[in-house]
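Let me begin by presenting the structure, written as structure tokens, before commenting on it.
The values are calculated or read from the model by the stated rules, or taken from the named source; none is laboratory data. What you see is a predicted model; the values in this text were computed from it and never measured. As a convention, Cβ positions derive from the backbone with ideal geometry for all residues, glycine included, and neighbour counts pool all protein chains shown.
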Amino acid sequence: MIGPGYQWLAHLRRSPLLLFVLLYTALSGGPFLWVAVMSLRTTPEIFASPYALPSHLHWEKFADAWTRSNYSTYFWNSTIVVVTAVVLLTVIGAMVAHCLARYHFRGNRVARFVILSGLILPPQLLILSLFQILLEFSLYNTLTGLILVYVAGHLAMTVYILEGFFAQIPQDLFDAARLDGYSDLEIFWRITLPIGAPALFTTVTLNFIILWNEFLYAVVLLTEDDKRTLPLGIMHFMGSHQLDIGMLATGLMIAIAPIILLYGFFSETMIKGMTAGAVR
Amino acid sequence: MTGVVPRARPWGRGEAGAEVSARRASLATLFIFLAPALLLYAAFTVYPVLRTFWNSIHTIGPHNVQELVGAANFTQLLTSDRVFWKAVGNTAIFTIIATIADVLGGLLLALCLFSGAPLAKLLRVVWFTPVLMSYVVVGIIWVWIYDYDWGLANFILRSVGLGALEQSWLGDPRTALWSVMATHVWKWLGFNMIVFLAALYALPEEVLGAAELDNCGWIAKLVYVIIPMLRPTIVNLLVLSFVGKMMIFDLVWIMTGGGPLWSTETVSTYVYKRAFDWNTFDLGYPSAIAVLWFIIILVFVFAMTQLLRQRDRLEF
Amino acid sequence: MISKSIARHCLTAVALLLALGAPRTALAEDVTINVWSHEADEDAKVAFRERAVKNLEAAHPGVHVKITWYEKNPLLAALKTALPAGQGPDVLYVEPDWTEYVEAGYLAPLDDLVNWNNIEPWARAVWVHNGKTYGIPQEAYTNELYYNKDLLKKLGVELPANAQFTQTQFLDLVKKAKAAGITPIAQGVGDRPFPGAYIVGEALLRKLGKEDYKKLWTGGLSWEEPRVIAVLKWTKELVDAGAYPKNFMTLKLGESHYYFYSNPGALMLPMGSWYTGRAFVPVDKGGQPADFPLGIMQFPAVDGGACNQCKTSAIGASFAINAASKHKDIAAEFLNAMSTPEMGKMWIETVYLQTGIKADVKSFSGPHAAYFTELMERQKGEDYFIGGPRDLVQGTCKDSFAQVLNSAFPGGLLTVEQTAKMMNDGCYKG
């Protein structure tokens, strides 16, 4: 992992570094661990001593939380919505990014401006007009409508990241491919996508995380309980009472667990993808 | 270019050796690549935006009656809305400082892992976990951490003897914004770290090796070699982070709802309050806020990209 | 649009039928009405409303009621997007301060749709705007000052016969409690925009009397008026004497209950009488201990007060019918089903709360009989002001109320002058 050019970095490899590493690990992992511990204790136990370890592991709380909320439905809906949206975002976003980065054409600047200005639009306001539109297209209270809104809403960021990366791919590769008679689509498919894999991984990850946890649009655009997505499931535990900290912790654990598991399994692949970076 | 430049076809092999510029594409190609996005955009972004602009110069009264008020909303906003300007100030402070902290911190963490800290692979996962959590989860957890009586923050301060420093972190106007900022940075550091890490691994070894041979000290190497080479990444992350934080809503809403005494009121929370929480169905005023803010951000982003962004093509 | 005009014609037909007194029996085909409700986490209220659903569906075969539960903020967001678009549920949860729904014409007038014989007239009056009634009240409550009887005894203080301290006595009590290491008032504004204003609000009511009190909240009276300043000054003395807990700014409503009756324990808790919704649940769910010495006192009498026997009563959870609903008559049946005398009795006995329904509960039995008896005692001879501050403040005033009077002022962050000025800036129209 460390090549000859990096010996100098070994200078850093001393106790300050270790201390820093330990501190930051505690800082980033600590809160999560605290919630995990709290999820196995009951609320009175927690109030009695917030930081003690569980005296009795209350596994039944998880079963309780699962059965009380409509968890499986929400999970399924979230999966459908987010996976579809991320796939669409990646494909459409990559196409736009490739086009904007590669080709000189008259509308280039305008197209770029239009799409990137989507980066700075506040969702709190768009939501009211979006609602009207979904109604008119009969997409209100449908998963399809939500997917389309998600894609439109996050296209800007995806294009921004991908375009920046694609633009750095050396033009020679494309010129050579063109000389060989490749068509535009083939160039996109065979050159841009494989080489741009790290950036694609980045956007897929980012989009997945953001959309999996997206809340405002889901709440307003889906009004039937069996269409709801996961973030709304967490809100079930956040009723006006919010005193049941024990159950809330359990609910939070259930909400975080799938993502952590997914990430745990795929992190190696994902990070390899993102750090593969061998453009040259 | 003069003369007719032969265009490539979108699909299908052409003859090898045909002199076609890889920089030009036929209309068909452009259409295929851009159409889906622009269509989605037209329906789900352009219309709402235009509608918002439209709303901003109207007032919506009872029975959905729209009344053209011209610049009245904007005048009121600019001259007599104290909360708006407080929100702008808060958002500006938050954005600038948190962005710098975010990107700097991410770079630091990446360098840490890059330099071969032990268990780097495990740490990559652990340090990335905050990014995976939703704002709801993060907000709730950190409200507990900041709790005056039994929160982790004050608990730790007390146990190391710094009990005098304990605060009502989210309840004091002086510390609330910084506390929320700390939480937000905590959440996103991992992401910047991963991106920087990827960029670091992509750095060509030869250049660094050459610098090594020149006997540069490691700080010099960092400042004069690595950072300039990371420049595109840094700029990208700065812009992304900047824009994201200008729009911050979820975390603030969950942790403080804009208080205490408007010290954490951001433009987004204020827009939300006026649209949904204000005993009125009038969308005109919140639309005006959003339009004004949109223009402000546009100016900033434009300035930033002009200043920072260069089209580096690394040629070999 | 075509469908809209058809709907309108249908509604006219139905209205005509109703006016002609056509019997409301089961329809030939299945009808489902949608209800958007809040309070999914209060089991008793959920059970109550679902009981009404069952009763309705049994009485009217072919009718189905589907309740979707929301938390408060999501409900507001959903309603504010759905209603202007002519969508939304048939029946919606509403609260009396949501007047914009009435003004915007999104709620149907209920005068001819609902059986009003079962509703208390004063409760109905809360929902009357421009001569028409737009909501059916369900939950009613009064603002009470709960206290720990044992702790009061321990401090050597005795409650006067009318259960009301004077200003000076109250301040003394706070100081005594503080000196004994007991938090005088367990209150927190961490997740609500109103609890911090209980003490000062109730004092203002007693000082100003009903009319001027209302003027104050609706912008007709200046906050820098001597009477208001006097009340603010007294409240400041309480704050400076340490009446509120140190984590007042972030303590949540539910946590303040726990603070009062479990850990660490406090002397008093000003709260709406829906206190019972959290207190009367099992201890391991956060309820009060079985033997907790709960007492109720009146809010302190104010020197030179115009109405020291005044008391705040208010309507909380209510329901209304969407003006765009296609099943208004059936929706009204649902509202009726929730408002029968039996349901009223069920409400009182399971939710442990007052109601706007005429319920015939003369004597109380069960584990909380003593509480209800004392509650009724405290209601006797009181002159009611209907509505709390948050039912009256609107717009910028509402924001100022939440940030200044509810939070920053009792939190010790503002002086009396600053408070008065900020409240004037937000509220006073003079």
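Against the list (1) without any contact (Cβ under 8 Å) to a residue 40 or more places away in the chain; (2) of a type in the set (S, T, N, Q); (3) within 12 Å of another protein chain (Cβ to nearest Cβ), the condition A:Gln124 fails is (1).
Could you please let me know if C:Gly272 is in contact with a Phe, Trp or Tyr (Cβ under 6 Å, 6 or more places away or on another chain) and at positive phi? Spelling it out, it is not the case that C:Gly272 is in contact with a Phe, Trp or Tyr (Cβ under 6 Å, 6 or more places away or on another chain) and at positive phi. Would a scan of the stretch C:118-140 turn up a residue that is within 30 Å of C:Thr183 (Cβ to Cβ), of a type outside the set (Val, Ile, Thr) and surrounded by 19 or more Cβ atoms within 10 Å (Cβ to Cβ)? Yes, the stretch C:118-140 contains a residue that is within 30 Å of C:Thr183 (Cβ to Cβ), of a type outside the set (Val, Ile, Thr) and surrounded by 19 or more Cβ atoms within 10 Å (Cβ to Cβ). Among the conditions (1) farther than 30 Å from C:Thr276 by Cα; (2) among the β-branched types (Val, Ile, Thr); (3) assigned to a strand (DSSP E or B), the only one that C:Val65 does not satisfy is (1). Residues in the stretch A:40-67 that are within 27 Å of the chain's Cα centre (by Cα) and within 16 Å of A:Ile245 (Cβ to Cβ): A:Phe62, A:Ala65. Filtered by the rule that a residue be farther than 13 Å from B:Val88 by Cβ and at the interface with chain A (Cβ under 10 Å from one of its Cβ atoms), the stretch B:258-276 gives B:Tyr272, B:Lys273, B:Arg274, B:Ala275, B:Phe276. Restricting the stretch C:224-238 to residues that are of a type outside the set (Ser, Thr, Tyr) and crowded, with 21+ Cβ neighbours inside 10 Å leaves a set whose member that is farthest from C:Gly265 (Cα to Cα) is C:Val228. No other residue among C:Gly188, C:Gly156 is farther than 19 Å from C:Leu294 by Cα and part of a loop (DSSP other than H, G, I, E, B) apart from C:Gly188. The set of residues in the stretch B:236-253 being aliphatic (A, V, I, L, M), at the interface with another protein chain (Cβ under 9 Å from one of its Cβ atoms) and either farther than 21 Å from A:Leu121 by Cβ or in a helix (DSSP H, G or I) (or both) consists of B:Val239, B:Leu240, B:Val243, B:Met246.
Yes or no, residue by residue, for (1) at pLDDT below 75; (2) closer than 30 Å to A:Val151 by Cβ; (3) β-branched (Val, Ile, Thr); (4) exposed (fewer than 14 other Cβ atoms within 10 Å of the Cβ):
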{"residue": "A:Thr42", "(1), (2), (3), (4)": "no, no, yes, no"}
{"residue": "A:Ile46", "(1), (2), (3), (4)": "no, no, yes, no"}
{"residue": "A:Tyr51", "(1), (2), (3), (4)": "no, no, no, yes"}
{"residue": "A:Ser55", "(1), (2), (3), (4)": "no, no, no, yes"}
{"residue": "A:His58", "(1), (2), (3), (4)": "no, no, no, no"}
{"residue": "A:Thr67", "(1), (2), (3), (4)": "yes, no, yes, yes"}
{"residue": "A:Tyr71", "(1), (2), (3), (4)": "yes, yes, no, no"}
{"residue": "A:Thr79", "(1), (2), (3), (4)": "no, yes, yes, no"}
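When B:Trp278, B:Trp293 are screened for being of a type in the set (Phe, Trp, Tyr) and either free of Cβ contacts under 8 Å to residues at least 24 places away in the same chain or touching a Lys or Arg at 6+ places or on another chain (Cβ under 8 Å) (or both), only B:Trp278 passes. For the stretch B:134-156, the criterion of being within 14 Å of chain C (Cβ to nearest Cβ), under 22 Å from the mean Cα position of the chain (by Cα), of a type in the set (A, V, I, L, M, F, W, C) and under 19 Å from B:Ser263 (Cβ atoms) is met by at least one residue. Taken over the stretch A:75-112, the criterion of being farther than 17 Å from A:Tyr160 by Cβ, of a type in the set (Gly, Ala, Ser) and more than 15 Å from the chain's Cα centre (by Cα) is satisfied by A:Gly107 alone. Scanning the stretch A:174-221 for residues that are basic (Lys, Arg) and either in contact with a strand residue (DSSP E or B) (Cβ under 7 Å, 6 or more places away or on another chain) or free of Cβ contacts under 8 Å to residues at least 12 places away in the same chain (or both) gives a single hit, A:Arg178.
Considering every residue within the stretch C:393-401, establish whether at least one is in contact with a strand residue (DSSP E or B) (Cβ under 9 Å, 6 or more places away or on another chain) and either surrounded by fewer than 20 Cβ atoms within 10 Å (Cβ to Cβ) or not in a loop (DSSP other than H, G, I, E, B) (or both).
no
For B:Ala120, indicate whether it is more than 7 Å from chain A (Cβ to nearest Cβ), surrounded by fewer than 24 Cβ atoms within 10 Å (Cβ to Cβ) and modelled with pLDDT under 80. For B:Ala120, the condition - more than 7 Å from chain A (Cβ to nearest Cβ), surrounded by fewer than 24 Cβ atoms within 10 Å (Cβ to Cβ) and modelled with pLDDT under 80 - is met.
Applying the set (1) within 11 Å of another protein chain (Cβ to nearest Cβ); (2) over 24 Å from C:Gly277 (Cβ atoms); (3) under 22 Å from the mean Cα position of the chain (by Cα) to C:Gly412 leaves exactly one unmet item: (3). C:Pro264 meets each of the listed conditions (1) touching a Lys or Arg at 6+ places or on another chain (Cβ under 7 Å); (2) within 22 Å of C:Asp150 (Cα to Cα) apart from (1). Taken over the stretch C:227-264, residues that are closer than 12 Å to C:Gly196 by Cβ, assigned to a helix (DSSP H, G or I) and either within 24 Å of the chain's Cα centre (by Cα) or not assigned by TED's automatic domain parsing to the domain that holds C:Leu414 (or both) amount to 3.
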